[in-house]
1. Can you confirm whether residue 4 is at pLDDT below 95 and in a helix (DSSP H, G or I)?
2. Which of the residues spanning region 82-123 are more than 18 Å from residue 161 (Cβ to Cβ) and open to solvent by 90 Å² or more (accessible area, probe 1.4 Å)?
3. Name every residue in region 46-81 that is within 25 Å of residue 142 (Cα to Cα), among the small types (Gly, Ala, Ser) and open to solvent by 30 Å² or more (accessible area, probe 1.4 Å), in order of residue number.
4. Can you spot a residue in region 126-137 that is modelled with pLDDT under 95, among the hydrophobic types (A, V, I, L, M, F, W, C), within 22 Å of residue 99 (Cβ to Cβ) and in contact with a Cys (Cβ under 7 Å, 6 or more places away or on another chain)?
5. What is the one condition in (1) aromatic (Phe, Trp, Tyr); (2) open to solvent by less than 50 Å² (accessible area, probe 1.4 Å); (3) assigned to a helix (DSSP H, G or I) that residue 151 does not satisfy?
6. State which residue is nearest to residue 143 (Cα to Cα) when the search covers only region 155-179 and only residues that are open to solvent by less than 50 Å² (accessible area, probe 1.4 Å) and part of a loop (DSSP other than H, G, I, E, B).
7. Within the group 186, 198, which residue is without any contact (Cβ under 8 Å) to a residue 40 or more places away in the chain and outside any loop (DSSP other than H, G, I, E, B)?
8. Being in contact with a helix residue (DSSP H, G or I) (Cβ under 6 Å, 6 or more places away or on another chain), within 19 Å of residue 97 (Cα to Cα) and not β-branched (Val, Ile, Thr) narrows it down to one of 140, 145, so name that one.
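The values are calculated or read from the model by the stated rules, or taken from the named source; none is laboratory data. Since we're looking at a predicted model, the values are computed, not measured. A quick note on method: Cβ atoms are made from the backbone with ideal geometry, for glycine too, and the neighbour counts reach across all protein chains shown. Just the protein is used for accessible areas: all its heavy atoms, side chains included, with ligands, DNA and RNA removed. Shrake-Rupley method; radii C 1.70, N 1.55, O 1.52, S 1.80 Å.
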Amino acid sequence: MSEDHEDDLNDGDLVASSPKIPVPDDVADAVKTLIRWAGDDPAREGLLDTPLRVARAWKEYCAGYEDDPARHLSRVFEEVGGYDDIVLLKDIPFQSHCEHHMAPIIGRAHIAYLPKNHVVGISKLARVLHGFARRLQVQERLTAEVADCIWDNLKPQGVAVVIEATHACMTARGVRTPGVGMVTSRMMGVFREDERSRREILALMDMQGRA
């Protein structure tokens, strides 16, 4: 049995993992340095394969650098039976990492737009979110990037993006205040210009009075 296959079994995976990417020596050595800095010995049995696992995990966490989120909005549908009301995808879970401490950002996003002449497959909205989230981020920029991408590529009448998330750089270190969430929003087009439309979309998102 190969070492990689045995490693998969030891990890308890229920499905076969994707082929393992090679890890450059300098990347593995950097993880070993962090382990030593933390006060442990990278040569002890439980940590022998940790540098490779960490390196591959970070390549997965940051897969968004190899993605162009705009490409997910390139195919649109014009035969929508005259539908011209709000399209909303709620409670999209996501994970990112803050660029200041590389700590997890875990949350959910609500993405809406008011179509003009066409719509896009709803799964594409989630793909746009994940394309930007799987990078080193700050929540404010993530919110703006998702909204701007939809606005620029779909050219709708309006876009609304609200993101709620917790930040481990605040809950698990530093001020160590668990249970604190952050809410950011970006409104464009009619959702920014028309107060009634803004209230309507926030009510649909269950965010009235919070964003």
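1. It is true that residue 4 is at pLDDT below 95 and in a helix (DSSP H, G or I).
2. 83, 84, 100, 101, 102, 117
3. Those that are within 25 Å of residue 142 (Cα to Cα), among the small types (Gly, Ala, Ser) and open to solvent by 30 Å² or more (accessible area, probe 1.4 Å): 63, 74.
4. Step one: list which residues in region 126-137 are modelled with pLDDT under 95, which gives none.
Scanning region 126-137, I find no residue that is modelled with pLDDT under 95, among the hydrophobic types (A, V, I, L, M, F, W, C), within 22 Å of residue 99 (Cβ to Cβ) and in contact with a Cys (Cβ under 7 Å, 6 or more places away or on another chain), so the answer is no.
5. (2)
6. Only one residue tops the list, namely 156.
7. The match here is 198.
8. Selected residue: 145, the only one of 140, 145 that is in contact with a helix residue (DSSP H, G or I) (Cβ under 6 Å, 6 or more places away or on another chain), within 19 Å of residue 97 (Cα to Cα) and not β-branched (Val, Ile, Thr).
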